[in-house]
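The values are calculated or read from the model by the stated rules, or taken from the named source; none is laboratory data. Since the model is a prediction, treat every value here as computed from it, not as a measurement. Each accessible area value is taken on the protein alone, full model and side chains, heavy atoms only, with ligands, DNA and RNA left out. Shrake-Rupley method; radii C 1.70, N 1.55, O 1.52, S 1.80 Å.
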Amino acid sequence: MLGQTNKRVLKNKLQRKLRRNMTDAERLLWRVLRNKQMAGFKFRRQHPFGDFILDFVCIDRKLVVEVDGGQHT
């Protein structure tokens, strides 16, 4: 999951914009995942990977969680 990021994603700082404008569902889930509250696993949010930006990622477990909220309709 490291070292495969599209340069366009990094250059435009898209993940930072998405972190600032999370959906309601993402905000609720982040409250549970942050600070290793979920079984002690560390999660990252808005992690760039290839041409995509993943909502939540646990690098240690190679787990990706994608969440959509009402704002995406």
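Return yes when residue 14 is open to solvent by less than 80 Å² (accessible area, probe 1.4 Å), within 13 Å of the chain's Cα centre (by Cα) and either among the polar types (S, T, N, Q) or modelled with pLDDT of 80 or more (or both) and no when it is not. Give the steps one after another, and end with the answer.
Working: open to solvent by less than 80 Å² (accessible area, probe 1.4 Å): yes; within 13 Å of the chain's Cα centre (by Cα): yes; either among the polar types (S, T, N, Q) or modelled with pLDDT of 80 or more (or both): no.
So residue 14 fails the test.
With the requirement that a residue be at pLDDT 90 or above, on the phi < 0 side of the Ramachandran plot and assigned to a loop (DSSP other than H, G, I, E, B), what does region 21-66 give you?
41, 42, 43, 59, 60, 61, 66
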